[in-house]
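The values are calculated or read from the model by the stated rules, or taken from the named source; none is laboratory data. Owing to the predicted nature of the structure, the values given are computational and were not obtained by experimental measurement. Positions of Cβ are backbone-derived with ideal geometry, glycine not excepted, and every protein chain shown enters the neighbour counts. In case anyone asks, the SASA skips ligands and DNA or RNA and just uses the protein heavy atoms, side chains included. Shrake-Rupley method; radii C 1.70, N 1.55, O 1.52, S 1.80 Å.
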Amino acid sequence: MANALYPLWKQEILKGTSNNLLNSAEGATGVYAALVDTGTYTYSAAHQFYSSLSGVVGTDQEILTKTQVTGTFDGTDLTYTAVTGATCEAIVLYRKNAGANTTWPLIAYIDTGVTGLPVTPNGGNITITWNASGIFTL
């Protein structure tokens, strides 16, 4: 599977649904990244919320210092600490909110163009370095 933006997220941003915006405050309503084992999770265009994910490894990390310039979304590189578990081949971006994970919209599925993937956790830190041109472009 190549990198993809979730179609149901794109549909909601076209509607202007605020729960899907990427310029949210950091913290409880931030944009987060989950390391995913693709042996357990398979991308589906029908997936809309975090509750559709399986195979999440480690503790999800928030993307800080988010920017949106000429259609490109970017933010800080990530460090997952003391990660154990299955091999991670992809990252799924989602927007967290104050509700249950059944309301956290999935944004992007990323499995190429990222330094640090795939990776087999060994109890140490995992660093993810985004492409210099940004995380994704609309």
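Within region 1-33, the residues that satisfy the criterion of being in a loop (DSSP other than H, G, I, E, B), among the polar types (S, T, N, Q) and at pLDDT 80 or above are N3, T17, T29. Do we have G27 as of a type outside the set (A, V, I, L, M), within 18 Å of G75 (Cβ to Cβ), open to solvent by less than 50 Å² (accessible area, probe 1.4 Å) and without any contact (Cβ under 8 Å) to a residue 40 or more places away in the chain here? So G27 passes the test.
Going by the conditions given, is G116 of a type in the set (G, A, S) and free of Cβ contacts under 8 Å to residues at least 24 places away in the same chain? Yes: the conditions hold for G116. In region 34-49, the qualifying residues are those that are part of a loop (DSSP other than H, G, I, E, B) and aliphatic (A, V, I, L, M), and the one that is least open to solvent (accessible area, probe 1.4 Å) is A45.
Rundown of residues vs (1) polar (S, T, N, Q); (2) within 28 Å of L14 (Cα to Cα); (3) open to solvent by 20 Å² or more (accessible area, probe 1.4 Å), yes/no style:
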{"site": "S54", "(1), (2), (3)": "yes, yes, yes"}
{"site": "E62", "(1), (2), (3)": "no, yes, yes"}
{"site": "K66", "(1), (2), (3)": "no, yes, yes"}
{"site": "T72", "(1), (2), (3)": "yes, yes, yes"}
{"site": "R95", "(1), (2), (3)": "no, yes, yes"}
{"site": "G99", "(1), (2), (3)": "no, yes, yes"}
{"site": "L117", "(1), (2), (3)": "no, no, yes"}
{"site": "I128", "(1), (2), (3)": "no, no, no"}
{"site": "N131", "(1), (2), (3)": "yes, yes, yes"}
